[in-house]
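A.B. asks: Here you go, one structure.
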Amino acid sequence: MNILYTQHYREFRVALSILGQWPSQPPFQRYCARFVVLLAIFSIITPKIIKFVECIRDVDLDNLIECLPMVMLHLASLCKYFNWIFNEKKVNNMLFLIDRDGQSLTVDQDIGIMNKWLERIRKITWSYTISMFSILAMYLASPAVPKILDIVAPLNETREKIFLYQTEYFVDQDEYYIHILIHAYMTVPISLGALVYFDNMLATNVAHACAMFDIVSAYLGKLNYKKVNFENDDDDLRKLHGKICRCVDMHKNALRFSRNLESSVSFVLLLILLFNLLILTVTGMVTIMKLDQLSEGLKFAAFTLGAVFHLFYTSLHGQDLIQQSKKVFHAAYMSQWYNLPPQCQKLLIPIMMKSMMPCTVRAGKKFVLSMETFSMVLQKSMSFFTVLSSTR
């Protein structure tokens, strides 16, 4: 099975090539794409950081709080993008392992399970991408609200212009309002794209590991099909021995792949959890502050929604990996191993021992990505939100 030529990976290759992160694209094309992406992100984050520093200097708490979410968003995007570049060898190696695993799948059952997971992750990644860019569109549309209200419910005076975020370009921002807006519309989607497709790559890699664990579980589940008398049937014994050896090899490869995956994203995921915590706390507070201003409140509510959805998406795939790796242990335990000949029972011991502890993706080797972590971050952000609100 050529996994890298399935529909999901063909679509994925296009997106990653645009971002300069597909291993097999020509080096010149890759470096040009990376230059454009980094130029876009740095060009938009620089005026925001300048404004952020000015707010700190002037002790302007309200504007400081408004600056923070967008700064955190672009910093998160940069962290993920640089993690891609610095861990390029690990990322390329994982694609090699995916291709190798695909080449080893020749049985219809195995191919069917892999295709099921590929179709599932394709739908999930498309849904996530569309949702995040829809939220971005809602955020970017906020400057149009005053114009629409001037038409629907005109006043005796023109409503004030809405700026997407606090920036400092060292120019008259009212005079160059359209230019600043165009700059945002050209660069913010690129920054969000780097963030979203890093998440999609993580989700795709987790789905591959889950598919391999699922295939192993399916083989182990069929060992209890019937009690076989192996004493006089060497051919059946060899077949069973071969199936169990295949399970051992696939399980070992899936564990190695999961470890490589964790090592390639562990540090950056810790930073992302921290950024998520700050963004949820601050945007939730700003949304409450702006309730009397429809367009401003809508803008930060969209930001909060995006942060929650992003955290949920990442945690969900960590939970999938935990559940599928646990499934291997249960499949081995329920396989009626006691009916098997001793030499086959011994082969199941490594699988059972290694699958007793589920595979995880840890953020900073400390926080396991799971729905429990998702709940913890939400609780912490609500606690900080309450503390910040009480100090105002």
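Read-outs: derived from the displayed coordinates by stated rules, not from any lab. What you are looking at is a predicted structure, and each value in this text was computed from that prediction instead of being measured. Note that each Cβ is placed from the backbone with ideal geometry, even for glycine, and that neighbours are counted across all protein chains shown.
A.B. asks: To the nearest 10 degrees, how steep is helix 294-333 against the longest Cα principal axis of the chain, on a 0 to 90 scale?
C.D. replies: Roughly 10 degrees, rounded to the nearest 10.
A.B. asks: A further question follows. How do Leu195, Leu378 line up, fewest other C-beta atoms within 10 Å first?
C.D. replies: Leu378, Leu195
A.B. asks: Gain in length, Glu119 to Leu4, computed as 0.36 nm per residue apart minus the alpha-carbon separation, to one decimal in nm? Before the final figure, lay out the partial values.
C.D. replies: Values: separation 115, 0.36 × 115 = 41.40 nm, distance 1.33 nm.
Taking 0.36 nm per residue and subtracting the Cα distance, the gain is 40.1 nm.
A.B. asks: Per residue of region 349-359, what does 6.51 cos²θ - 1.76 cosθ + 1.60 with θ = phi - 60° give for ³J(HN,Hα)? Whole Hz please, x for Gly and Pro, Karplus curve as stated.
C.D. replies: For region 349-359, the Karplus-derived couplings read 4, x, 5, 5, 5, 6, 9, 5, 9, x, 6 Hz, x marking Gly and Pro.
A.B. asks: For Kirkwood radius over Cα pairs in Å, the listed values are (i) 22.7; (ii) 22.0; (iii) 23.5; which was obtained by calculation from the structure presented?
C.D. replies: Recomputing Kirkwood radius over Cα pairs in Å here picks out (iii).
A.B. asks: Something else about it: For the chain, set up a Gaussian network in which alpha carbons nearer than 10 Å are linked by springs, and say which option among Gly306, Gly242, Gly297 fluctuates the most.
C.D. replies: Comparing Gly306, Gly242, Gly297 in a Gaussian network model of the chain, the most mobile one is Gly242.
A.B. asks: For each of Tyr177, Tyr139, Tyr338, Tyr9, count neighbouring Cβ atoms within 10 Å of the residue's Cβ, then give the residues from fewest to most.
C.D. replies: Tyr338, Tyr177, Tyr9, Tyr139
A.B. asks: Around Met352, under 13 Å between beta carbons, what's the net of Lys plus Arg minus Asp minus Glu among the other residues?
C.D. replies: Spelling it out: positives minus negatives among the neighbours equals +4.
A.B. asks: Considering region 1-142, what Rg and Dmax in Å follow from its alpha-carbon atoms?
C.D. replies: When restricted to the Cα atoms of region 1-142, Rg and Dmax are 19.8, 67 Å.
A.B. asks: While we're looking at this one, here's another question. By counting other Cβ atoms within 10 Å of each Cβ, how are His183, His317 ranked from fewest to most?
C.D. replies: Working: His183 18, His317 23.
Ranked by crowding around the Cβ, least crowded first: His183, His317.
A.B. asks: Across region 216-222, in residue order, what do the Karplus-derived ³J(HN,Hα) couplings come to in whole Hz, using 6.51 cos²θ - 1.76 cosθ + 1.60 with θ = phi - 60° and x for Gly and Pro?
C.D. replies: Couplings: 4, 4, 5, 5, 5, x, 8 Hz.
A.B. asks: Moving to a separate point now. Quick one: Debye curve from the alpha-carbon atoms of region 254-392 only, equal weights, vacuum; give me log10 I(q)/I(0) at q = 0.20, 0.21 Å⁻¹ to two decimals.
C.D. replies: Log10 I(q)/I(0), no solvent term: -1.10, -1.16.
A.B. asks: Output needed: percent of Cα pairs per 5 Å distance bin for region 65-129, bins running from 0 to the one holding the longest distance.
C.D. replies: The calculated distribution, bin by bin, is 4, 13, 11, 15, 19, 15, 9, 7, 5, 2, 1, 0.
A.B. asks: Still on this structure: Under 8 Å for C-alpha pairs, at least 6 residues apart: give me the relative contact order for the chain, rounded to a whole percent.
C.D. replies: That works out to 22 percent.
A.B. asks: With angles folded into 0 to 90 degrees, how steeply does helix 7-18 sit against the dominant principal axis of the chain? Use alpha carbons for both and round to 10.
C.D. replies: 40 degrees
A.B. asks: Using a Förster distance of 41 Å, how high is the FRET efficiency between Phe82 and Asp249, based on the Cβ-Cβ distance and rounded to 0.05?
C.D. replies: Computed FRET efficiency for Phe82 and Asp249 comes out at 0.70.
A.B. asks: In Å, the Kirkwood hydrodynamic radius of region 321-392 over pairs of distinct alpha carbons? The partial results should precede the final answer.
C.D. replies: Details: mean 1/r = 0.0650 Å⁻¹.
It works out to 15.4 Å.
A.B. asks: Which angle from 0 to 90°, rounded to the nearest 10, does the C-alpha axis of helix 234-289 make with the longest principal axis of the chain?
C.D. replies: 10 degrees
A.B. asks: If we restrict to alpha carbons, what Rg and Dmax does region 278-334 come to, in Å?
C.D. replies: Using the Cα atoms of region 278-334, the pair Rg, Dmax is 18.8, 60 Å.
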